[in-house]
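Let me begin by presenting the structure, written as structure tokens, before commenting on it.
The values are calculated or read from the model by the stated rules, or taken from the named source; none is laboratory data. Only a predicted model underlies this, so the values are computations on that prediction, with no experimental measurement involved. Reconstructed Cβ throughout: ideal geometry from the backbone, glycine too, with neighbour counts over all protein chains shown. Quick note on the areas: whole protein, heavy atoms, side chains included, nothing else; ligands and nucleic acids left out. Shrake-Rupley method; radii C 1.70, N 1.55, O 1.52, S 1.80 Å.
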Amino acid sequence: MSGAGKKAVDLAKKATKTIDWDGLAKLLISDEARKEFATLRRTFEEVNHALETKFSQEPEPIDWEYYRKGIGSRLVDMYKEAHDSIEIPKYVDKVTPEYKPKFDALLVEFKEAEQQSLKESERLEKEIAEIQELKKKLSTMTADEYFAKHPELKQKFDDEIRNDNWGY
């Protein structure tokens, strides 16, 4: 099997295993969407079957002797020589080396952003818990209890009173 054919078959097998067709089908609402989805799934399975049967097997070797008996050795030798001289170039990946460092840098950046996001989520969860606790206690809380938790506000009010600033 050629390298490209084998790679295509391997990718098709991985894709088949990772697609949750039933889960996707549950998300569809209209009958037309279900019909189109069924067509997509059927087509995908047909392509996978074709890849598995066509590209998963080595091609049968050519029986040159059989053709020599029927056609003649001169013509068959000419075709055999032409067949043997065919060189299929190997695929050289020039794209991956160019974009792999950029992709890796993005992955690092995304991991850092994820960590920052998790820290911010944790901070916000704590703040929400504090606000909910404050909301529960607000109707029975005294000013002294509130100022004990927020001394900067007490300082601000005391300064306004000392400066005879009553907010008018």
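Here is how the numbers come out for the structure above:
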read-out: Cα long-axis angle, helix 31-55 against the chain (0 to 90 degrees, to the nearest 10); value: 50
read-out: Sites ARG41 and ALA82 - FRET efficiency at Förster radius 45 Å, r taken between beta-carbons, to 0.05; value: 0.55
read-out: Rounded tilt (10° steps) of 95-137 against the dominant C-alpha axis of the chain; value: 30
read-out: Accessible surface of the chain, 1.4 Å probe, proportion on carbon and sulfur as whole %; value: 58
read-out: Sum of side-chain charges, LYS126 neighbourhood, beta-carbon under 12 Å (Lys, Arg +1; Asp, Glu -1); value: -4
read-out: Under 14 Å, Cβ to Cβ, from GLY72 - net charge with Lys/Arg +1 and Asp/Glu -1; value: +2
read-out: Per-residue SASA entry for HIS49, accessible area with 1.4 Å probe, Å² rounded to 10; value: 110
read-out: Whole-Å semi-axes of the ellipsoid equivalent to region 96-167 (Cα gyration tensor, √5λ, descending); value: 48, 18, 7
read-out: Computed [θ] at 222 nm, helices only, for the chain once each DSSP H run of length n ≥ 4 contributes -39500 (n - 2.57); value: -25500 deg cm²/dmol
read-out: Sequence of TYR91, TYR79, TYR99 when ordered by accessible area, the most exposed leading, probe 1.4 angstrom; value: TYR91, TYR79, TYR99
read-out: Mean separation of Cα contacts under 8 Å (6+ apart) over length of the chain, as relative contact order %; value: 20
read-out: Out-of-range pairs (alpha-carbon distance over 29 Å; input LYS54/LYS80; LYS119/LYS149; LYS136/LYS156; LYS111/LYS149; LYS69/LYS90; LYS135/LYS156); value: LYS111/LYS149; LYS69/LYS90
read-out: Among THR142, HIS49, MET78 - extreme Cα towards positive end, dipole of the chain, charges at beta-carbon; value: MET78
read-out: Ranked order, TRP64, TRP166, TRP21 - accessible area, probe 1.4 Å, largest first; value: TRP166, TRP64, TRP21
read-out: Exposed trypsin sites (Lys or Arg not before Pro) absent: longest stretch of the chain, with sites in DSSP loops and at most 16 other Cβ within 10 Å deemed exposed; value: 1-89
read-out: Extension gain (nm, one decimal) between SER121 and LYS154, 0.36 nm per residue minus Cα-Cα; value: 9.0 nm
read-out: Listed residues SER117, SER139 arranged by accessible area, highest first, probe 1.4 Å; value: SER139, SER117
read-out: Stokes-Einstein D for the chain, Kirkwood Rh over Cα pairs, 25 °C, 0.890 mPa s (µm²/s); value: 96
